[in-house]
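Remarks on the structure that follows.
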Amino acid sequence: MTYLLEDPTFLVGGLLLLAGVSLVALRITQQGKYLVRAGIALGLALAVVAVEWIWVTDNERIEEVIYDLRRAVLASDAEGVLAHLAPNVQYLRGNTALSEEATRALIRLNLSNFHFDFLRISDLHTSVMHQARRGTAEFRVFARGAQSSLSGVVDMGSGITAWSLGFEEMKPGEWKVNRISPISIPRGILAFPNELPKSDHSRLGYNDGIHILSPRGRMFPGQRRGSAEGRTFPELSSGQAETH
């Protein structure tokens, strides 16, 4: 079903190839049965394209949110980003957690001070837990930009970060981010408005998918194989840089 609903390229290509072979056979043999076969193959190819166009999967909806977030971040549009966040969204990293309000303040602070020249997403992998109506997305971001500070505008150059986002379905077909977790980020990439509180682990249920191998067994920069237990990250205070 994956080939039909999410990536029908190979199936459609195979049907078009079959139609082409049938038309060649028709020209050589002049037998009507090959025309019928070509028509059936073309009809099936069109049907597959129509089904894929109409039937949007949960994974595709999550991907749409990711690319909407990209556009908002590229435009330094904090409200555009916040519109895709669930009411219970948290920034989570190891033993560090931010409340919903602090997570939103973190986004507003960084987008107000940072302006991107370009921002590209790669290695995007999504997964959905259908019964729980939860999902995850892991991806890399290649970006270049400048950061505003009291001393002026600082060119931050280009760099690669890796992120894991948790999702929940708020209502049928509407997916929003309930967890933001950096997997790998350079030093100084984030500025924090206040001291980060220690996590009491009371809400780590929203941490679905973090510290897990990404789909197809691939890993992101900074990820290590093995159990997630016992892994901690330095606690950060205001003005300190975050690294992994």
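The values are calculated or read from the model by the stated rules, or taken from the named source; none is laboratory data. Keep in mind that this is a model prediction, so the values were computed, not measured. For neighbour counting, all protein chains shown are included, and Cβ atoms are generated from backbone atoms with ideal geometry for every residue, glycine included.
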Original post:
So how many residues does segment 103-138 have that are of a type in the set (Phe, Trp, Tyr) and surrounded by 15 or more Cβ atoms within 10 Å (Cβ to Cβ)?
Top reply: 2
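The rows are residues; the columns are (1) over 20 Å from residue 162 (Cα atoms); (2) out of contact with any Ser or Thr (no Cβ under 9 Å at 6 or more places or on another chain); (3) buried (at least 16 other Cβ atoms within 10 Å of the Cβ); (4) modelled with pLDDT of 95 or more.
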site: 11; (1), (2), (3), (4): yes, yes, yes, no
site: 29; (1), (2), (3), (4): yes, yes, no, no
site: 38; (1), (2), (3), (4): yes, no, yes, no
site: 52; (1), (2), (3), (4): yes, yes, yes, no
site: 65; (1), (2), (3), (4): no, yes, yes, yes
site: 71; (1), (2), (3), (4): no, yes, no, yes
site: 101; (1), (2), (3), (4): yes, yes, no, no
Original post:
Looking at segment 178-196, is at least one residue modelled with pLDDT of 50 or more, assigned to a strand (DSSP E or B) and either of a type in the set (A, V, I, L, M, F, W, C) or in contact with a Cys (Cβ under 6 Å, 6 or more places away or on another chain) (or both)?
Top reply: yes
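So that you can scan it fast, the table gives a plain yes or no per residue for (1) within 13 Å of residue 66 (Cβ to Cβ); (2) touching a Pro at 6+ places or on another chain (Cβ under 7 Å); (3) not in a strand (DSSP E or B):
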site: 106; (1), (2), (3): no, yes, yes
site: 112; (1), (2), (3): no, no, yes
site: 116; (1), (2), (3): no, no, no
site: 121; (1), (2), (3): yes, no, no
site: 124; (1), (2), (3): yes, no, no
site: 128; (1), (2), (3): no, no, no
site: 132; (1), (2), (3): no, no, yes
site: 135; (1), (2), (3): yes, no, no
Subject >> Candidate set: segment 149-177, residues that are within 12 Å of residue 189 (Cα to Cα) and hydroxyl-bearing (Ser, Thr, Tyr); chosen: the one surrounded by the fewest Cβ atoms within 10 Å (Cβ to Cβ) >> reply: 158
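For segment 87-104, how many residues are within 21 Å of the chain's Cα centre (by Cα) and either outside the structural domain of residue 174 (by TED's automatic domain parsing) or assigned to a strand (DSSP E or B) (or both)? So that I can check it myself, show each step before the final result.
Step one: of segment 87-104, the residues within 21 Å of the chain's Cα centre (by Cα) are 87-94, 97-98, 100, 103-104.
Among the residues that remain, those that are also either outside the structural domain of residue 174 (by TED's automatic domain parsing) or assigned to a strand (DSSP E or B) (or both) are: 87-93, 97-98.
Of the residues in segment 87-104, 9 are within 21 Å of the chain's Cα centre (by Cα) and either outside the structural domain of residue 174 (by TED's automatic domain parsing) or assigned to a strand (DSSP E or B) (or both).
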